[in-house]
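Let me begin by presenting the structure, written as structure tokens, before commenting on it.
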Amino acid sequence: MLVRRFVPDTYRQPSNLSTNEDTPVKLANGPRHYCVEPPSLSTLVWSSGLESDTGKGDRAYAVVKHSWCEEKHQRVEADLLAQCKDDFGIPHHHYSFCPNDTRGEPVSTARFLPAEGEPLEEFHWQIRDDSQVPSHPQSRTLWIHVTKLVGRSLVHSKTPWDLHIAIGHGMLGWLSMLLKGFLHRDISIGNVLMLDPPITTKPFESETPAVEQLMAQPPLEDDDQRRVHEDELARHAELLVQTIKEVGPLDKCHGFVIDGDMAARLEGYFTSRKTEARYGTYEFMSANLLHNLWSSKRYLHSPIDNLESFYYTAQWAAAFNDGARGEKYDGNKIQRFRKLITGSANERYRARGMVRDDLFPDSVSVSEEYGLFFTRALVILSPWTQNLATIGRDWRRAMNQIGALDDGDKEEHLARNFLIFAYRGVGEYFQLLHQHRTSLQGVA
């Protein structure tokens with residue numbers, strides 16, 4: 001099970017890092033000779049010796065991320081970044097590679113693990129009384145990913161509009177990943193960053209979904225159902241593109257998604273019969289994912305889970321905001337709300353219910369008790385959680401219908417529904433942005 005816990009007091013923003021703060025990295029004669037002494041888990045912002053491609057003498061930046069990857073997933077993030085490269089809402093990929101140590105061997109934990117035939121229990125660290133000796137040792141290999149965009153945490157948003165437009169642009173990056181055949185399974189406050197100031201980039205492109213090309217199944221026997229899917233997919237895609245234009249031109253990017261080390265390839269994803277580990281950061285995982293966290297049954301991590309994680313990310317950023325004056329609002333009620341969203345699954349469920357039913361963005365008392373930023377952010381958060389409840393019910397209905405199909409038809413149905421609900425979820429969010437743009441942009 002690969003579940004992270006987010007610790008806000010120890011989280012270091014990428015924009016606050018420098019090459020002088022952490023120095024395990026040495027570059028010599030290109031990436032193939034990259035050595036790490038010793039291996040580091042941190043993310044660095046490196047600018048030494050780099051020049052931008054503007055021709056104006058500007059300094060360019062490279063974000064160097066170190067990731068310890070499971071053997072079966074070690075190339076997923078590298079392939080995701082390479083295929084998405086400079087898409088809108090993506091961190092703009094330079095290159096990825098597996099570094100060698102001083103002996104010329106890939107940096108891996110394998111050297112510290114028991115050799116074949118050695119008793120595992122002699123190497124197992126009994127952290128808890130109920131912890132079990134694994135059936136086999138898990139080897140991890142170090143991968144280095146070098147990207148371009150340097151972001152800041154969403155908690156530093158200066159206005160609710162800055163927060164919500166950055167979330168929206170991050171959602172477009174997530175959708176681009178899905179269109180390229182990857183499902184990001186760790187949307188969180190640490191993995192959705194804002195660009196302040198925004199940067200010029202190529203606009204979002206709503207292309208013919210690449211996921212359909214991954215399906216090697218024969219055509220559905222029910223051609224009418226295929227046409228229904230195609231019409232619904234086209235309708236949601238067109239609506240999203242139109243709504244994006246109404247929100248404003250996408251000549252500048254305000255936010256992007258990072259860290260694809262928990263992503264899944266969609267090729268073969270729908271036909272796998274094995275029980276997948278649950279992926280994500282605990283405080284931002286969907287309610288259904290948390291409910292199935294300890295289940296032995298297979299759980300299909302879906303776009304609905306990611307859409308819910310985007311909501312929890314925005315809610316967290318609004319509650320912990322310190323962007324306007326560099327300090328958080330510390331009224332008693334907002335402090336209690338922060339404890340709820342950092343607590344158990346039931347406590348977080350209570351907090352979301354408060355946003356949906358009890359906290360009103362035009363209430364003077366709410367503004368005094370929770371702070372102006374959080375209160376104005378409710379303009380989007382309150383109706384958004386209602387939209388997510390509706391789309392979640394529709395998703396469960398669609399999954400029940402798919403469950404009754406023959407195995408040969410399930411794959412294409414699942415692939416198409418992944419795209420339909422992804423476009424729908426992002427489109428509904430941008431409709432909220434369009435509806436409340438004027439009021440949000442008017443809040444200082």
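The values are calculated or read from the model by the stated rules, or taken from the named source; none is laboratory data. Everything quoted here is computed from the prediction, not taken from an experiment. So basically every Cβ, Gly included, is an ideal-geometry build from the backbone, and we count neighbours across all protein chains shown.
Below are the figures for this structure:
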{"item": "Residue that is modelled with the lowest pLDDT [pool: residues in the range 180-218 that are part of a helix (DSSP H, G or I) and out of contact with any helix residue (DSSP H, G or I) (no Cβ under 7 Å at 6 or more places or on another chain)]", "result": "Leu214"}
{"item": "Qualifying position, being among the acidic types (Asp, Glu) and either in contact with a strand residue (DSSP E or B) (Cβ under 6 Å, 6 or more places away or on another chain) or at pLDDT 85 or above (or both), among Glu221, Glu246, Glu276", "result": "Glu246"}
{"item": "Failed item in (1) modelled with pLDDT of 90 or more; (2) surrounded by fewer than 20 Cβ atoms within 10 Å (Cβ to Cβ), with Pro303 passing the rest", "result": "(2)"}
{"item": "Filter result for Ser139 (within 19 Å of the chain's Cα centre (by Cα) and among the hydroxyl-bearing types (Ser, Thr, Tyr))", "result": "no"}
{"item": "Exclusive hit being surrounded by fewer than 16 Cβ atoms within 10 Å (Cβ to Cβ), in a loop (DSSP other than H, G, I, E, B) and touching a helix residue (DSSP H, G or I) at 6+ places or on another chain (Cβ under 8 Å), set Asp362, Asp322", "result": "Asp322"}
{"item": "Criterion (farther than 26 Å from Ser302 by Cα and touching a helix residue (DSSP H, G or I) at 6+ places or on another chain (Cβ under 9 Å)) met by exactly one of Arg396, Arg356, Arg338", "result": "Arg338"}
{"item": "Among the residues listed as Ser48, Ser42, the single one being more than 13 Å from Trp143 (Cβ to Cβ), among the hydroxyl-bearing types (Ser, Thr, Tyr), surrounded by 12 or more Cβ atoms within 10 Å (Cβ to Cβ) and at pLDDT below 85", "result": "Ser42"}
{"item": "Any hit, the range 116-132, residues being out of contact with any helix residue (DSSP H, G or I) (no Cβ under 9 Å at 6 or more places or on another chain), of a type in the set (Ser, Thr, Tyr) and modelled with pLDDT under 85", "result": "yes"}
{"item": "Breaking point among (1) out of contact with any Asp or Glu (no Cβ under 9 Å at 6 or more places or on another chain); (2) within 30 Å of Leu250 (Cα to Cα); (3) assigned to a loop (DSSP other than H, G, I, E, B), for Gln126", "result": "(2)"}
{"item": "Check on Leu289, within 19 Å of the chain's Cα centre (by Cα), buried (at least 18 other Cβ atoms within 10 Å of the Cβ) and free of Cβ contacts under 8 Å to residues at least 24 places away in the same chain", "result": "yes"}
{"item": "The listed residue being in a helix (DSSP H, G or I), of a type outside the set (A, V, I, L, M) and crowded, with 19+ Cβ neighbours inside 10 Å, out of Arg376, Arg338, Arg350, Arg396", "result": "Arg376"}
{"item": "Hits in the range 71-96 (condition: surrounded by 15 or more Cβ atoms within 10 Å (Cβ to Cβ) and aromatic (Phe, Trp, Tyr))", "result": "Phe88"}
